[in-house]
Amino acid sequence: MATGPEQNDSADPPALFPRAGVCEFAGLLALALLAAFFLHLSWRKWPDPIVDAGAQWYGIWRVSQGAAPYHDFLWNYGPLSLLFNGLLFHCFGAGMMVLVTANLAVYGAIVALAYLAFRLAWGRLAAFAALAVFISVFSFSILNSVANYNFATPYTHEATHGILLLLLTAFFMVR
């Protein structure tokens, strides 16, 4: 019978806490539920289609009908978001929910990349805390009286697409 250090040569230390993967999965599930909760609270309490988003949606609709930005109509922003959303209107029809669905997909990519960035920089707990604040404060516009500062129906689509491209560029440059 061995006594001393050779009796406990197992590679795994005793598990005082659940595996880190289980905790991270639970945190990701909590973040997804938090996003679903705030999306539910703000659902269809979005900006006025004419006053707040009319110029954006009209430009997107014009592009989906074959108009050229900067030539057939004035456009104050870059063409990438306009052309992308115009393609969505052309493929799926002109409607607010087409843009909302696309914007929520872009939002999901932003949240995933932001979580990865915070996790790589400061760890799982910091990533969870940062994303919990981002989702509950900045993602949906239920905390102020103006409803056009959200990711479902943003004031300008260039802002949300720009954030996604910024995160993609940062990941590309780091790799």
Membrane-span-like helices (DSSP H runs, Cα span along own axis at least 27 Å, mean Kyte-Doolittle at least 1.6) in the chain -> 20-42, 96-122
What ranking, highest mean first, results for peptides 20-28, 81-89 when packing means the other Cβ atoms within 10 Å averaged over each residue? 81-89, 20-28
So if I average 1/r over every pair of distinct C-alpha atoms in segment 100-170 and take the inverse, what Kirkwood radius in Å does that give? 12.6 Å
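Quick note: the coordinates plus some simple rules give every number you see, no bench work behind them. Computed from a predicted structure; not experimentally measured. Every residue, glycine as well, gets a Cβ built from its backbone with ideal geometry; the counts of neighbours run over all protein chains shown.
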